[in-house]
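Read the structure below first, then the notes.
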Amino acid sequence: MSKSAILSILLLAIFGAAAAWAVAFVTQRGTNSEAAPPKPLDRQRIVSLSPAVTETLFAIGAGPDVVGRTEWCDYPAEVAQLPVVGTSLTPSFESISRQHPTLIVGEATKDAPLSDFQRIAPTRLLAWLSLADICAGIRELGRLTGREDAAEKLAAIMDRRLRVPVPAAGPRVLLAMDGTPGQLKEVWFLRQNSIHGACLNAAGARNAVSEEFVGSSPNLSLERVIALDPDVIIVLTASTLSEAQRGQLLQDWRGLPMLKAVKADKVRVLDGREYYRNGPRIVELIDKLKAALE
């Protein structure tokens, strides 16, 4: 998967101040936040523009109401039978219209064409960056679909698993996004205030990138990585790697032998698209991170 595709999926999960501004910008433009929820017995026709939102809708029992998805929505398995309507940033308005939606839902991004969606159906673009955002989003999806009880239970589970303080003495971990094997020139990372940062804390570790290192985009030069000198480096890839690709990523990091993580053989690669889904399954990442830290 290309870096641009990954960034499109994860715009809110990886951008800091810029993403927060984007969320506020979209919210201020109006997302039908005051719209009354449908009656519980009403059958909705929902188009979901986010893999995390799609997964959440199915998790709270609203799966039968979903009539359209993005090309990135692949869980649960039954979504493969649903029509593809593009993505939130590159939607097919014709395909969306053909589904005759009563509700369009997705994640809030600065460049999402909200007004165009609203011409088709009532639209809610939800903040989906931090744990608080996601729990609020789950509850809002419950409200919109008449499944408040199921949504409240799901949000409570995620909150209980992930709302933990930053460990005082846990290892300092650089949580890196995958790059191109053989081309380690800069490092894109996952921020502390993202849901991935919460998973890292729940696994007993600290994010090596403190707020003072955060700029407008979540990337670090190799010189900055050397200055950070993390105890552990965990690379999350958005696709399943071959052994050759995995070996090349590890070899790339061995090109920085001055790092503590490299000296201690503490560079790990976790591959799988599910690591870039901020839906209910993200809690499974906690145990994966724990295992990688051993």
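Observations, loosely collected:
- Anisotropy class of the stretch 109-183 from Cα gyration tensor, a/c 1.5 cut: oblate
- Neighbour counts of C-beta atoms inside 10 Å place Ser50, Ser239, Ser115 in the sequence Ser115, Ser239, Ser50, starting with the fewest.
- Magnitude of the charge dipole, the stretch 141-236, Cβ model with Lys/Arg +1 and Asp/Glu -1, debye to 20: 280
- More than 22 angstrom apart: percent of Cα pairs within the stretch 172-293: 28
- Nitroxide proxy distance, nm - points 7 Å out along Cα→Cβ at Glu152 and Ser242: 5.2
- Whole-Hz ³J(HN,Hα) from phi, Karplus 6.51 cos²θ - 1.76 cosθ + 1.60, for the stretch 121-138, glycine and proline x: 6, x, 10, 10, 9, 9, 4, 8, 10, 8, 4, 4, 4, 5, 4, 5, x, 4
- Cβ-to-Cβ counts within 10 Å put Cys135, Cys73 in ascending order as Cys135, Cys73, the fewest first.
- The gain in end-to-end length when the Ser221 to Ala136 segment is fully stretched comes to 27.1 nm, 0.36 nm per residue minus the alpha carbon separation.
- Cross-link pairs beyond the 26 Å C-alpha cut-off, checked among Lys110/Lys153; Lys185/Lys290; Lys110/Lys266; Lys185/Lys266: Lys110/Lys153; Lys185/Lys290; Lys110/Lys266
- Vicinal HN-Hα couplings computed from phi for the stretch 242-249 (Karplus, 6.51 cos²θ - 1.76 cosθ + 1.60; Hz; Gly/Pro x): 6, 4, 5, 5, 4, x, 5, 4
- Cβ crowding within 10 Å ranks His100, His196 as His100, His196, fewest other Cβ atoms first.
- Surrounding net charge for Ala202, when Lys and Arg each add one and Asp and Glu each subtract one, Cβ distance under 13 Å: +3
Readers should treat all values here as calculations from the given coordinates under stated rules, not as data from a laboratory. No experiment lies behind these values; they were computed from the predicted model shown. Positions of Cβ are backbone-derived with ideal geometry, glycine not excepted, and every protein chain shown enters the neighbour counts.
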